[in-house]
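What follows is a set of notes on a single structure, which appears directly below.
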Amino acid sequence: MFLIILILIPTIFFLNKLYGKNFSFLKTLKPANLAFEISESQRINFLSVERKFILPYPVRLFVYNEPGLALAKIISQFTSFFDIEQLTAPDKTYEIVKLSGISPKGNLMLFYIWEIPLIIYGIFKLREKDYITKLFLISIIPFLFFEKKLLAQTAFLTIVPILTLEAIGISELIKKTNKKLIATGLLIAVVSVFGFYKTLLTKPLSYQSPQPYLFREIARWIVKNYDPNKNYVVTTKFGPTEIMTPYYLGRNYQNLTFESFDLRQESPRANTVYLGLAGEFVKPSRNLDKIDPPGAIEILGKIEGEDEPVFEYGKNIWIGYSK
Amino acid sequence: MDRILKIISRYGIIAVLILAFILRFFWLAKSPPSLNWDETALGYNAYLLLTTGRDEWGEKLPLFLRSFDDYKPAAYSYVTIPFIAALGLNETTVRLPSVIAGTLTVLLIYLLAYELFKNKAVALLSSVLASVEPWAIHFSRVAFEANLALTFYLAGVYFLIKSKLKGVSTYIGLFFLALSAYTYHAEKIIILPTILIFLLIYKANIKKVITTTLIFLLPLGLYQLLHPETFARLGSTFLLKYPLERYFSYFSPVNLFVRGTPEPTQHIPDFGAFFVIEFFFWAIGAYHLIRNFKVNKLLFLLILVSPLPAVISFNWFYPARVLPLFAFYSIVTAYGITKVKIRPLFWIAIAGFWLYLIFNLAANLLFYLPYMERGNWQYGMKQMAQEVTKQQKNYSKIVIETKTAQPHIFMLFYGAGRDQEFRDVYWDKDKDLKSTLLVGPESSLPLEKVKSNPNINLVYDLKDYDGNLLYRLVGLK
């Protein structure tokens with residue numbers, strides 16, 4: 001317990017320094033933000049009756065009040081931690097997880113689905129070990145300070161009490177269950193762990209955001225195909241390639257620049273290799289990956305991605321050469 | 001104090017039922033803002049069954065309505081007939097059976113909770129919760145077959161508990177369970193596990209119970225076998241993929257209390273199925289329910305089987321298919337409340353916050369939903385149908401463009417008849433038609449082009465609250 005509290009305070013400070021500016025949940029509780037939200041909902045409700053009716057003042061005072069809204073937000077934030085889909089299968093359940101505004105990419109599952117009943121069973125077998133509940137309530141505090149999209153970063157301290165609960169559940173279950181059932185359960189667990197790691201190692205794009213993958217693959221292509229007699233332009237359209245790609249390049253390359261380009265608007269430079277999204281070569285639209293670039297550009301290759309990093313700019317990086 | 005408690009315990013349920021009815025009935029035609037195509041189809045088919053004994057496809061006294069080739073169970077339409085006979089065909093009469101079913105559900109939850117816990121406080125609290133909870137209010141204000149089926153299902157469960165599978169009440173219980181299967185597809189899947197749970201607990205004569213159930217279900221089974229097309233809905237929704245994840249999503253607190261459902265017509269904006277404050281009491285109730293498994297095993301097992309219909313369909317978190325689960329959750333939450341021992345001052349604070357949430361729900365339901373979510377409810381179809389009805393006598397042909405909104409059913413419901421042509425409108429091609437009324441959006445009937453044509457005798461724009469164009473009616477001489 002002491003250890004958790006000891007970790008807790010620097011954790012909150014560290015996370016706040018890192019994410020406080022953009023992802024702070026506390027900011028949404030500022031009186032000015034609450035007042036704005038309340039006046040917005042009052043405005044919409046007034047418009048809905050074509051400005052003909054307004055609730056009596058005492059009712060409005062009760063319905064649209066800042067402390068009530070703040071409390072509802074805090075309880076919702078706490079409850080939103082208990083998100084079985086987000087914790088066990090964010091990619092498969094994207095249809096519902098997206099309502100929380102979390103991308104399935106870059107957010108790996110934290111538990112296997114079969115661990116959920118074990119954790120619940122552990123709760124019921126807690127008995128006198130009540131300190132685990134307290135431990136959980138303390139370890140969830142950092143999660144309450146930030147938006148839910150940082151779940152993996154802000155809720156990692158809860159792993160200790162949750163795994164303890166699961167361990168209690170498993171040990172109690174082993175005492176009561178026959179060996180054949182245990183062996184079957186173990187087999188299911190092994191198969192699912194194998195399945196997870198197979199995906200993790202062989203299909204990184206299925207769970208990763210496309211950007212980091214593309215940063216690396218662009219660098220790999222340059223390293224492999226570099227010709228000092230040509231110029232190279234790498235797009236900055238989908239992220240800081242000028243920072244990330246040199247990391248993978250390992251050394252300085254001559255004639256290499258990082259900039260966003262639009263080859264529909266500007267004339268391609270001579271003797272230049274362009275590495276960019278399809279939408280920088282042709283007009284952005286859907287299904288860009290099935291069409292060809294304009295005649296002046298010769299396509300040397302494509303780096304295939306799984307998602308569009310920029311809306312309607314295509315999934316793939318095109319490598320086009322202008323003579 | 002004792003006297004007050006006595007009065008509450010004796011008359012409380014009456015007050016709760018009155019509150020439940022008011023919350024379900026008030027501004028019924030205004031929120032949700034218009035009938036959607038399913039409600040319209042149920043209402044119009046009820047009207048046809050009343051006047052001709054046949055559905056819109058000419059089928060005599062059907063058990064399923066072919067409707068949009070989705071073969072809806074016809075029970076809701078049959079139940080709606082007396083309301084239409086008494087009050088005419090309109091939005092209120094189509095939704096009224098759901099309002100009454102929703103109010104009866106509150107009563108059934110009271111009775112069920114009492115039978116399960118033999119505790120009046122749990123029973124009354126369960127009914128109070130069910131009378132105000134977002135899921136219960138929303139589903140009772142829309143013509144959902146699922147809501148009517150829930151009432152039948154809970155009635156069935158109640159009579160089975162009451163009878164302990166002995167005596168006449170058993171047959172009444174089985175009859176209601178079977179009736180729920182006639183009313184909504186999801187109940188077809190859970191009634192058998194439900195009956196098995198009762199057999200397991202009360203160890204009654206299996207042969208008698210199963211035979212009775214099969215007799216009640218025989219007409220339904222035979223009808224479906226003779227009309228295999230009635231399985232269309234199963235074909236279009238069935239999917240057995242990630243069953244465990246789907247199953248657990250109905251136990252996921254964030255879905256129940258915060259996030260709600262992605263289904264556009266199954267939620268009140270900004271609310272989950274339950275109030276967020278209920279989470280704590282639900283968790284406490286569930287904890288005690290499992291800790292006292294031997295006493296509460298019936299409720300526990302009913303909860304376990306309730307999500308089954310939703311597990312084998314492609315939607316994620318689809319409340320209409322698990323309404324029995326939500327009803328049981330209301331009981332669990334009430335049970336949780338009775339297990340909490342805190343100071344009266346805290347209870348006052350909690351009750352105050354709860355009241356705040358209820359008022360907010362009412363504001364969202366009555367103001368926000370009809371305005372901001374009108375698109376989900378095919379707002380504008382009624383207005384368009386009424387305008388077409390007014391104008392159609394002046395034209396020999398009416399062409400209506402809309403690809404997905406099933407406009408024909410709105411035309412029939414609002415009295416425009418069935419003589420329209422439904423297809424895309426191409427102004428450049430259609431501008432030369434004679435004595436024709438064209439109905440379409442701005443993209444198909446661009447104002448500048450339309451106005452420059454000397455052949456027109458009518459341009460009428462139907463607009464929404466914000467002045468956005470819904471449909472344009474253009475009359476050609």
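Read-outs: derived from the displayed coordinates by stated rules, not from any lab. This is a predicted model, so every value here is computed, not measured. Cβ atoms come from the backbone with ideal geometry, glycine included; neighbour counts cover every protein chain shown.
Here segment B:375-464 is treated with +1 on each Lys and Arg Cβ and -1 on each Asp and Glu Cβ, and its dipole about the Cα centre works out to around 240 debye. Taking the centroid of alpha carbons for each part, segment A:69-127 and segment B:359-425 are 40 Å apart.
Semi-axes of the equivalent ellipsoid for segment B:380-476, computed as √(5λ) from the eigenvalues of its C-alpha gyration tensor and ordered from largest down, come to 19, 16, 12 Å. Dipole orientation for chain A: of the candidates A:GLY305, A:ILE222, A:ILE159, A:ILE159 has the Cα lying most toward the positive pole (charges on Cβ; Lys, Arg +1; Asp, Glu -1).
Give the residue list of trypsin sites (Lys or Arg not before Pro) in segment B:175-216 that are DSSP loop and have at most 15 other beta-carbon atoms within 10 angstrom. Hits after loop and neighbour filter: B:LYS203. Around the amide H of A:LEU300, modelled in the peptide plane, lie the amide H atoms of A:ILE319, A:GLY320, A:TYR321, all under 5 Å away and 5 or more residues distant in sequence or on another chain.
Other chains near A:95-106: what is the mean number of their Cβ atoms within 10 Å of each residue's Cβ? Provide the component values of the computation, followed by the final result.
Numbers: counts 5, 13, 4, 2, 9, 3, 0, 0, 0, 0, 0, 0.
Per-residue shielding by partner chains comes out at 3.
The chymotrypsin sites (Phe, Trp or Tyr not before Pro) of segment A:71-171 that meet both conditions, a loop assignment by DSSP and at most 16 other Cβ atoms within 10 Å of the site Cβ, are A:TRP114.
By definition, a body whose alpha carbon gyration tensor gives a ≥ b ≥ c is oblate when a/c is 1.5 or more and a/b is not larger than b/c, and chain A fits this oblate description. What is the Cα centroid distance between segment B:285-324 and segment B:221-258, reported in whole angstrom? If we compute the Cα centre of each part, the gap is 15 Å. The base-10 log of I(q)/I(0) for the protein assembly as shown, evaluated at q = 0.07, 0.09 Å⁻¹, reads -0.67, -1.07 [Debye formula, identical scatterers on Cα atoms, solvent excluded].
Legend: distances between Cα atoms for B:LYS382/B:LYS463; A:LYS98/A:LYS315; B:LYS429/B:LYS449; A:LYS230/A:LYS315; A:LYS27/A:LYS98; A:LYS224/A:LYS290; pairs beyond 18 Å are A:LYS98/A:LYS315; A:LYS230/A:LYS315; A:LYS27/A:LYS98; A:LYS224/A:LYS290.
All other residues whose Cβ lies under 14 angstrom from that of B:LEU361 are scored, Lys and Arg at +1 and Asp and Glu at -1, for a net of -1. Its Cα centre serving as origin, chain B has a Cβ charge dipole (Lys and Arg +1, Asp and Glu -1) of approximately 1760 debye. Seen against the Cα atoms of chain B and their longest principal axis, helix B:2-25 is set at about 20 degrees. Summary value for segment B:49-161: 24 percent relative contact order, contacts being C-alpha pairs under 8 angstrom separated by 6+ residues. Here the simple spin-label model places points 7 Å from the Cα toward Cβ, and for B:VAL295 and A:LYS179 these points are separated by 3.9 nm.
Working ranking of peptides B:426-432, A:176-182 by packing, defined as the average number of other Cβ atoms within 10 Å per residue, highest first, is B:426-432, A:176-182. Per the Kirkwood definition applied to all pairs of different Cα atoms, how many angstroms is the hydrodynamic radius of chain B? Across chain B, the inverse of the average 1/r is 24.2 Å. Farthest toward the positive end of the dipole of segment A:74-151, out of A:PHE81, A:PRO142, A:ILE116, is the Cα of A:PRO142, where the dipole comes from beta carbon charges about the Cα centre.
Normalised size of segment A:83-208, defined as Cα radius of gyration per 2.2 N^0.38 Å with N residues, equals 1.16. Summing charges over all other residues whose Cβ lies under 9 Å from the Cβ of B:ALA320, with Lys and Arg as +1 and Asp and Glu as -1, gives -1. For segment A:210-322, what does the alpha-carbon gyration tensor say about shape, rounded, prolate or oblate, given a ≥ b ≥ c as the root eigenvalues, a/c under 1.5 as rounded, and a/b over b/c as prolate? Verdict is oblate for segment A:210-322. Put the Cα centre of segment A:170-202 next to the Cα centre of segment A:16-55 and the gap is 47 Å. Tally Lys/Arg at +1 and Asp/Glu at -1 over every other residue whose Cβ is under 13 Å from the Cβ of A:SER209; what's the total? Net charge in that neighbourhood comes out at 0. Fully extending the segment from A:PHE194 to A:TYR94, taken as 0.36 nm per residue of separation minus the present Cα-Cα distance, adds 33.8 nm.
For a modelled paramagnetic label at B:TRP57, 7 Å from Cα along Cα-to-Cβ, the residues of segment B:64-87 in reach, with backbone nitrogen under 18 Å, are B:64-78. In this structure, the pairs whose alpha-carbon distance is over 29 Å, taken from B:LYS393/B:LYS451; B:LYS162/B:LYS188; A:LYS105/A:LYS134; A:LYS105/A:LYS283; A:LYS203/A:LYS237, are A:LYS105/A:LYS134. Counting only helical runs of four or more DSSP H residues, what would the 222 nm mean residue ellipticity of chain A come to if each run contributes -39,500 (n - 2.57) and the total is spread over all its residues? That calculation yields -16000 deg cm²/dmol at 222 nm. Contact order for segment A:83-208, expressed relative to its length and based on alpha carbon pairs under 8 Å spaced 6+ residues apart, stands at 29 percent. Exposure proxy check: A:THR236, B:THR103, A:THR199 ranked by fewest other beta carbons within 10 Å? Final ranking by Cβ density, sparse to dense: A:THR199, A:THR236, B:THR103.
Relative to the longest principal axis of the Cα atoms of chain A, helix A:66-79 runs at roughly 80 degrees.
Peptide B:278-286 shows a mean partner chain C-beta count of 2 within 10 Å per residue C-beta. Would you please name the GluC sites (Glu not before Pro) within segment B:11-64 that are DSSP coil residues with at most 12 other C-beta atoms within 10 Å of their C-beta? Sparse-neighbourhood loop GluC sites (Glu not before Pro): none present.
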